[in-house]
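Everything on this sheet refers to the single structure shown next.
The values are calculated or read from the model by the stated rules, or taken from the named source; none is laboratory data. Here the structure is a predicted model, which is why all the values come from computation and not from measurement. Note that we place each Cβ from the backbone using ideal geometry, even for glycine, and neighbour counts take in every protein chain shown.
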Amino acid sequence: MIGWYVHHHGFGHVARFLAVRPHLRTPVVAFSSMPRPAGLTAEVDWIELPPDADAFEAADGSPMDPREADPTARGHLHWAPHGHPGHRSRLATIAATAVERDLQALVVDVSAEVVAFSRLLGLRTVAVTQPGARTDAPHALAYDLADRIVAPWAHGAVPTAGLSAHGDRVLWTGGISRFDGREIGLERDERSVLLLGKVLEPDVRVEATRRLAERGWDVTAVGHDAASRVDDPWPHLSRSTVVVSAAGQNSVADLAAAGARAVVIAQERPFDEQAHTADALERWGLARRAPAHISASGLVELVEQAAGDRPDWARWQVVGGASRLAAAVEAVLP
């Protein structure tokens, strides 16, 4: 059996797991602080882990902020606060399950600490990494210990200084999209814009929508709040003339699967992940890059420029990406 650790920040890590899971021939049990995702098939066990970033009770009974409990071990780790019961319970649950289920491998998406813990348990360990300036000590430790390192984007697209010493264990799978294999319509809507996710300040979104409508654009905004969320954005993605999106790994992979003309806005993330990705997309001519605090008029200008683009999204290698990651995981099994 394979274990799979799913980081709880955002939807991207769980979306990647959901895309890869159908390609695995080996049973899998997932660990995450996120609730069990809708649509996950019944044969997959989902073990919900307690949080490890909330305040807790110190030994003297006073409330303790985990940020004040030496969580980085003087810069050698990312997050392991002294005395936090949730943190201890998370690792204990993973260890107990490894014994009870006789886990043979653990995929870690993502956590330097869980990579190290997995290897200390003697498990074959697959570390999923992300773009950005990941040359710090915790990432170096995780890369040194992992049996396999998976980079879910196209080889050569994003500079990866932290991976340069580990080339024999790194697999660039190409982007991984839950929409890989979905049919793209033969024709796109004329002059339609999709504003995908919470990538614009509310006042900029409203003003940009007004300006675009005045210029004959039909604007759809989804995912910027609870009321605008949709279960399946694919019809919008695959038919819109231009998509305005964040530059996260899953967002970009979905753009690639849809062959979208795009404007990407890099959101602030640790290690400048999205900034590095947005730079790569602009450099390869796959999307227009917008500054984080773009004005409504600036966005309108970029949308109209992007409408004439012909991006070669095949370069992002999304087709078959999920099956390549699954094969890499099963290749480490004894």
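Is it fair to say T209 is of a type in the set (S, T, Y), assigned to a helix (DSSP H, G or I) and over 20 Å from G10 (Cβ atoms)? Answer is yes for this residue.
Filter segment 185-206 down to residues that are assigned to a loop (DSSP other than H, G, I, E, B) and more than 23 Å from the chain's Cα centre (by Cα) and give me whichever is surrounded by the fewest Cβ atoms within 10 Å (Cβ to Cβ).
Here is the first cut: in segment 185-206, the residues assigned to a loop (DSSP other than H, G, I, E, B) are 185-191, 197-201.
This time we only want the ones that are more than 23 Å from the chain's Cα centre (by Cα), so: 185-191.
Numbers: G185: 10, L186: 5, E187: 7, R188: 18, D189: 14, E190: 10, R191: 17.
Result: L186.
All of R288, R269 fail the test of being crowded, with 16+ Cβ neighbours inside 10 Å and under 17 Å from S192 (Cα atoms), apart from R288. Filtering segment 221-240 down to residues that are in contact with a Ser or Thr (Cβ under 8 Å, 6 or more places away or on another chain) and surrounded by 20 or more Cβ atoms within 10 Å (Cβ to Cβ), which residue is nearest to D189 (Cα to Cα)? It comes out as S240. Checking the stated criteria, V318 turns out not to satisfy the condition of being of a type in the set (A, V, I, L, M, F, W, C), within 26 Å of E190 (Cβ to Cβ) and surrounded by fewer than 22 Cβ atoms within 10 Å (Cβ to Cβ).
So that you can scan it fast, the table gives a plain yes or no per residue for (1) touching a Gly at 6+ places or on another chain (Cβ under 9 Å); (2) modelled with pLDDT under 95; (3) charged (D, E, K, R); (4) in the same structural domain as E282 (by TED's automatic domain parsing):
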residue: E100; (1), (2), (3), (4): no, no, yes, no
residue: T135; (1), (2), (3), (4): yes, yes, no, no
residue: A146; (1), (2), (3), (4): no, no, no, no
residue: P152; (1), (2), (3), (4): yes, no, no, no
residue: G167; (1), (2), (3), (4): no, yes, no, no
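Are any residues in segment 88-112 under 18 Å from L325 (Cα atoms) and not small (G, A, S), and if so, which ones? Passing the criteria: Q104, L106, V107, V108, D109, V110. Pairs are defined by a Cβ separation below 6 Å, a sequence spacing of at least 6 or placement on different chains, a first member in segment 23-52 that is in contact (Cβ under 8 Å) with a residue 60 or more places away in the chain and aromatic (F, W, Y), and a second member that is part of a strand (DSSP E or B) and surrounded by 12 or more Cβ atoms within 10 Å (Cβ to Cβ); the pairs so defined are F31/Y5; F31/I47. Restricting attention to segment 241-266 and to residues that are hydroxyl-bearing (S, T, Y) and either more than 15 Å from V158 (Cβ to Cβ) or out of contact with any Ser or Thr (no Cβ under 8 Å at 6 or more places or on another chain) (or both), the residue that is surrounded by the most Cβ atoms within 10 Å (Cβ to Cβ) turns out to be S245.
Would you be able to tell me the number of residues in segment 134-148 that are surrounded by fewer than 23 Cβ atoms within 10 Å (Cβ to Cβ) and either touching a strand residue (DSSP E or B) at 6+ places or on another chain (Cβ under 6 Å) or closer than 28 Å to E282 by Cβ (or both)? It would help to see each step written out before you state the result.
Of the residues in segment 134-148, the ones surrounded by fewer than 23 Cβ atoms within 10 Å (Cβ to Cβ) are 135-141, 143-145, 147-148.
Remaining after also requiring either touching a strand residue (DSSP E or B) at 6+ places or on another chain (Cβ under 6 Å) or closer than 28 Å to E282 by Cβ (or both): 135-136, 139, 143, 147-148.
Adding up the residues that qualify gives 6.
Remark: G61 falls outside the filter, which requires a residue to be in contact with a helix residue (DSSP H, G or I) (Cβ under 7 Å, 6 or more places away or on another chain), modelled with pLDDT under 95, assigned by TED's automatic domain parsing to the domain that holds L120 and not basic (K, R).
I want to confirm something. Restricting to segment 4-25 and keeping residues that are more than 15 Å from the chain's Cα centre (by Cα) and in a loop (DSSP other than H, G, I, E, B), which single residue is nearest to V114 (Cα to Cα)? Step through it out loud before you land on a result.
Residues of segment 4-25 that are more than 15 Å from the chain's Cα centre (by Cα), as a first pass: 21-25.
Cutting the leftovers down to in a loop (DSSP other than H, G, I, E, B) gives us 24-25.
On the way: L24: 21, R25: 24 Å.
The residue in question is L24.
For segment 149-181, the set of residues classified as surrounded by fewer than 23 Cβ atoms within 10 Å (Cβ to Cβ) and hydroxyl-bearing (S, T, Y) consists of S164 only.
Please work out which residue is nearest to A296 (Cα to Cα), limiting yourself to segment 222-242 and to residues that are in contact with a helix residue (DSSP H, G or I) (Cβ under 6 Å, 6 or more places away or on another chain) and outside any helix (DSSP H, G or I). The residue in question is V242.
Every condition in (1) of a type outside the set (S, T, N, Q); (2) surrounded by fewer than 16 Cβ atoms within 10 Å (Cβ to Cβ); (3) within 21 Å of R239 (Cβ to Cβ) is met by E214 except one, and the failing one is (3).
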